[in-house]
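Below: one structure, written as structure tokens.
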Amino acid sequence: MAKRVLITGASGLLGRAVLKEFERDGSWSVLGLAFSRAGDKLRKVDITDKQAVNNVMQEFKPTVVIHSAAERRPDVVEKQVEATQALNVSATHFVCQGAAQVGGSVIYISTDYVFDGKNPPYKETDIPNPLNTYGKSKLEGEKVALAEGKDNAVLRVPILYGHVEKLDESAVTVLFPKVKNTSETCVMSDYERRYPTHCDDVASVLRQLAEKKVEGTDISGVFHWSGDENMTKYDMAIAMAEAFNLPTSHIQADKNPSTGTTRPYDAHLATSRAEGLGICKQSKFREQIKPALEKFFP
Ligand SMILES: NC(=O)c1ccc[n+]([C@@H]2O[C@H](COP(=O)([O-])OP(=O)(O)OC[C@H]3O[C@@H](n4cnc5c(N)ncnc54)[C@H](OP(=O)(O)O)[C@@H]3O)[C@@H](O)[C@H]2O)c1
């Protein structure tokens, strides 16, 4: 099978890491798609436009599609329900149908927010029960991906961090301005349990899955990947401060559930299916957070 990968959302936080991983050694032909940040290497394709998606699929003929583009901010989703449906669900139809027409299969990126967070850890076979519109839209996208191609896969991941262009690009790195501002008290959630996961790890897992696919291993169905450190946002903020030798006394723990869009308490993803295939890559938060934030310090 030819090694031709098309990556949607290649200008995004995860997509950039995925693009880099597949370009690493030149063994894959790679095409990255973007929308508002298209340019140089990234082709502008509005994936909510069925014809535009078909055209790029017919031209590039991917054997594997990593479908990463989505609206992933739960608070934005609650305000933009129709636009989210178009991007997270309808566009997933177009991507999967376009890929199927050229014999390609799709790995759809999903989220731990498809679970209600009441009974962790969650296996790939556990029944999802999303609490918010974002989680519901991603679950609907999963169902589309799995229905549109028998070889398609879903990879669910939790909160991501990595080499951000702007601090507000990740729900982890967005905490850093308050951590750095040691003269002002800040309150950080110490309630919901999270498993911050480095984008480079997810990119590596996706490449390992894609390599297995072209070697003939069945990778259809649902996979989970996750960092293995259980942390609240308060824990992450303290780890950031310690990484830069900053004081921590201005960071206060909020033991109450977060306000705003309802979020799961602890949607820890068990990664046994991927590990059973020999797939691995789990970075340590305290080692990786400093390189991710260094360019924003002081
Ligand atoms: N970030 C997290 O913590 C997290 C956690 C769990 C799961 N996920 C999932 O991981 C995936 C990647 O998330 P991310 O954080 O990398 O997202 P992101 O940084 O917000 O990137 C979103 C991507 O979607 C593209 N896009 C938006 N509208 C488009 C359109 N109409 N046509 C084509 N492309 C469009 C954007 O392109 P432009 O910027 O060029 O417009 C961008 O590349 C998503 O499926 C998300 O649900 C993310």
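Read-outs throughout are calculated quantities, based only on the coordinates presented, and are distinct from any laboratory measurement. Note that the structure is a prediction, hence the values are computed from the model and not measured. Because the Cβ atoms are built from the backbone with ideal geometry, glycine has one as well, and the counts that use them run over all protein chains shown.
So here's what we get for this one:
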{"quantity": "Residues of segment 184-222 with amide N under 19 Å of the 7 Å Cα→Cβ point at LYS3", "calculated": "201-219"}
{"quantity": "For segment 62-111: span of alpha carbons on each principal axis (Å, largest first)", "calculated": "37, 18, 11"}
{"quantity": "Protection proxy ranking of 211-217, 135-141 - average other beta-carbon atoms within 10 Å, highest first", "calculated": "135-141, 211-217"}
{"quantity": "Listed peptides 32-44, 252-264 by packing density, highest first (mean Cβ within 10 Å)", "calculated": "32-44, 252-264"}
{"quantity": "Bridge type composition, the chain - antiparallel percent by DSSP, nearest 5", "calculated": "5 percent"}
{"quantity": "Rounded FRET efficiency, nearest 0.05, which uses the C-beta distance separating VAL214 from SER272 and R0 of 30 Å", "calculated": "0.80"}
{"quantity": "Ranked packing of 3-10, 242-249, most packed first, by mean Cβ within 10 Å", "calculated": "3-10, 242-249"}
{"quantity": "ASN119 versus THR248: modelled label distance in nm, points set 7 Å from Cα along the beta carbon direction", "calculated": "3.5 nm"}
{"quantity": "Segment 227-298, relative contact order [Cα under 8 Å, separation at least 6], %", "calculated": "47 percent"}
{"quantity": "Residues GLU184 and ASP126, FRET efficiency given R0 of 45 Å [Cβ-Cβ distance, rounded to 0.05]", "calculated": "0.60"}
{"quantity": "PHE296-ASP25 FRET efficiency (beta carbon distance; Förster radius 45 Å; 0.05 resolution)", "calculated": "0.90"}
{"quantity": "Relative contact order (%) - segment 98-174, alpha-carbon pairs under 8 angstrom, separation at least six", "calculated": "34 percent"}
